[in-house]
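Data block below; observations after.
Readers should treat all values here as calculations from the given coordinates under stated rules, not as data from a laboratory. Nothing here was measured: the structure is a model prediction, and the numbers come from that model. Don't worry about glycine lacking a Cβ; one is built from the backbone with ideal geometry, like all the others, and counts go over all protein chains shown.
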Amino acid sequence: MAKVLGVLGGMGPAATVAFLARVQALTPAQGDADHIRIIADINPQVPDRNRQADAAEAVLGQMAMRLRDAGVQVLAMPCNTAHAQAAGIRKVGLPFIDMIIETTEAALSATGDAAPRKVGVLATPGGEALYTRSLQSKGCKIVRLTGPDRETFMGCIHAVKRGDTGEAPRAEMRRLAAALVAAGAEVVIAGCTEVPLLLDADGVSVPLVDSAEVLAQACVRVCG
């Protein structure tokens, strides 16, 4: 029996819409009835996950409760950074598909038989901290952006949030990914859901693991 998926979204809106499209595209279906029922709360007013963590957790918990009461059976959230506040979501008692865990596992298998020793991460400071813990728990070293590149990365993310997915932020994101590879990354994680809106696998010389794609695959597997 297919399960109803609840999506905590809006962080940001474009990334959430792209994630929902991925779930639809990845679902093996012959017609409408074969697709997953999804109830989504696309809430761009969730407080800043990096600067207002407690307030964000409270709002996310309220969103999860409303989704549960609406009949969802499984929860997912296409925002890496907000997984730092996942405790508020888990309190509602529904299964929660952890994007960080799923993406870490995908990154470790991205190079074939031998797991990578160094994984580059394109993420916000909060998302970066989550991936640091997750990768280190698997004996893997994280490769981060350094210096002015960190600010440049956030500039690219904010460009997407205001609707700019043009060549300028795309070129910068390709350059940032190349910087991680130059620093030794054998795999690069797109650890912010805005990243895949600027960067695809052809723009990186090593395997690119798209956290939004990984989460969408997991949702199809769990709910389909």
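For the chain, the Kirkwood estimate of hydrodynamic radius, built from reciprocal distances between every pair of different alpha carbons, is 17.6 Å.
The calculated pair-distance distribution of region 70-120 uses every alpha carbon pair, bins of 10 angstrom beginning at 0, and gives 21, 42, 25, 11, 1 percent.
Karplus-derived 3J(HN,Hα) values for region 149-158, using 6.51 cos²θ - 1.76 cosθ + 1.60 with θ = phi - 60°, are 4, 5, 5, 4, 4, 5, x, 5, 5, 5 Hz; glycine and proline are entered as x. Shape analysis of region 45-102 yields a ratio of the Cα radius of gyration to the Kirkwood radius, Rg/Rh, of 0.94. Simple spin-label estimate for MET154 and ALA25 gives 3.0 nm between the two label positions (7 Å along the Cα-to-Cβ direction from each Cα). Residues whose amide H falls under 5 Å from that of GLY9, counting only those 5 or more places apart or on a different chain, are ASP41, ILE42, ASN43, with hydrogens built in the peptide plane. Principal-axis analysis of the Cα atoms of the chain puts helix 211-223 at an angle of about 30° to the longest axis. Helix 167-182 and the longest principal axis of the C-alpha atoms of the chain enclose an angle of approximately 70°. Computed over region 171-216, the quotient of the alpha carbon radius of gyration and 2.2 N^0.38 Å is 1.03.
In a fully extended conformation the segment linking GLU167 and ILE42 would gain 42.3 nm over its present Cα-Cα distance, using 0.36 nm per residue. What is the sum of charges around GLY126, taking Lys and Arg as +1, Asp and Glu as -1, for the other residues whose C-beta is under 10 Å from the C-beta of GLY126? For residues surrounding GLY126, the net value is 0. For ASP200 and LYS3, what is the calculated FRET efficiency with R₀ set at 30 Å and r taken between the beta-carbons, to the nearest 0.05? Here the calculated transfer efficiency is 0.50. The alpha-carbon of LYS91 sits under 16 angstrom from the alpha-carbons of these aspartates and glutamates, leaving out residues fewer than 8 places away in its chain: ASP54, GLU57, ASP69. I need the shape label for region 1-131. Rule: rounded when a/c is under 1.5, else prolate if a/b > b/c, else oblate, with a, b, c from the alpha carbon gyration tensor. Because a/c hits 1.5 or more and a/b fails to exceed b/c, region 1-131 counts as oblate.
For region 179-207 versus region 110-128, the spacing of their alpha-carbon centroids is 9 Å. Full extension of the chain segment joining GLU105 with ASP54 gains 15.5 nm, where the gain is 0.36 nm per residue of separation less the Cα-Cα distance. Stretched out straight at 0.36 nm per residue, the stretch from ALA115 to ALA183 would grow longer than its current Cα-Cα span by 22.7 nm. Mean projection of the Cα convex hull over all viewing directions, computed for region 69-185: 9.2 nm².
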